[in-house]
Amino acid sequence: QVQLVESGGGLVQAGGSLRLSCAASGTIFSINAMGWYRQAPGKQRELVASITSGGSTNYADSVKGRFTISRDVAKTTVYLQMNSLKPEDTAVYYCNADGVVTPSTWLMDYWGKGTLVTVSS
């Protein structure tokens, strides 16, 4: 029943900003962590940013100082504020929920369908 719904992707010029949102829906008891991954054409998927249930954050070196991950109080919605965007940031961004516990599943991982971010130069 768990579903991750992403929004906020689009086209932006270099130096601009975008804010991605991801909401986890369903009967969820707990989530260990949520994060954002991205995959550019011809490249492997990489972790962009993550936040644990305890509030600890982790960022890829390439986005430190430019991107900020945050969450709501319920810890079921995460955001990725992306500033000073570069053409190299162009990719499909995927939302991830790790270690999800539901009435029927234990410590499962879920992924969103992805949202495309295109940064023009």
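Scanning region 25-38 for residues that are out of contact with any Lys or Arg (no Cβ under 9 Å at 6 or more places or on another chain) and in a strand (DSSP E or B) yields SER25, ALA33, GLY35, TRP36.
Annotation for region 15-23: no member residue is over 14 Å from VAL2 (Cβ atoms), open to solvent by less than 40 Å² (accessible area, probe 1.4 Å), of a type in the set (Lys, Arg) and assigned to a strand (DSSP E or B). Filtered by the rule that a residue be surrounded by fewer than 21 Cβ atoms within 10 Å (Cβ to Cβ) and either assigned to a loop (DSSP other than H, G, I, E, B) or hydrophobic (A, V, I, L, M, F, W, C) (or both), region 52-66 gives SER53, GLY54, GLY55, SER56, ALA60, ASP61, SER62, LYS64, GLY65, ARG66. In region 4-14, of all residues being farther than 14 Å from LEU80 by Cα and open to solvent by 70 Å² or more (accessible area, probe 1.4 Å), the one that is farthest from the chain's Cα centre (by Cα) corresponds to GLN13. Name, by its number, the condition in (1) loosely packed, with under 15 Cβ neighbours inside 10 Å; (2) in a strand (DSSP E or B); (3) without any contact (Cβ under 8 Å) to a residue 60 or more places away in the chain that does not hold for LEU116. Only one criterion in (1) loosely packed, with under 15 Cβ neighbours inside 10 Å; (2) in a strand (DSSP E or B); (3) without any contact (Cβ under 8 Å) to a residue 60 or more places away in the chain is unmet by LEU116, namely (3).
Residue check: PRO41 meets all listed conditions (1) open to solvent by 70 Å² or more (accessible area, probe 1.4 Å); (2) in a loop (DSSP other than H, G, I, E, B); (3) closer than 26 Å to GLN1 by Cα but one, namely (3). Of all the numbered requirements in (1) within 21 Å of GLY26 (Cβ to Cβ); (2) without any contact (Cβ under 8 Å) to a residue 24 or more places away in the chain; (3) open to solvent by less than 60 Å² (accessible area, probe 1.4 Å); (4) not polar (S, T, N, Q), ASP98 misses one, and that requirement is (2).
Per the conditions (1) open to solvent by 60 Å² or more (accessible area, probe 1.4 Å); (2) in a strand (DSSP E or B), the sole criterion not satisfied by VAL73 is (2). I'd like the full set of residues that are aromatic (Phe, Trp, Tyr) and part of a loop (DSSP other than H, G, I, E, B), limited to region 85-113. TRP106 - this is the single residue of region 85-113 that is aromatic (Phe, Trp, Tyr) and part of a loop (DSSP other than H, G, I, E, B).
The values are calculated or read from the model by the stated rules, or taken from the named source; none is laboratory data. As the structure is a computational prediction, the values presented were derived from the model and not from experiment. Methodologically, a virtual Cβ is constructed for each residue, glycine included, from the backbone with ideal geometry; neighbour enumeration extends over all protein chains shown. Keep in mind that these areas ignore ligands, DNA and RNA; they rest on the heavy atoms of the full protein, side chains included. Shrake-Rupley method; radii C 1.70, N 1.55, O 1.52, S 1.80 Å.
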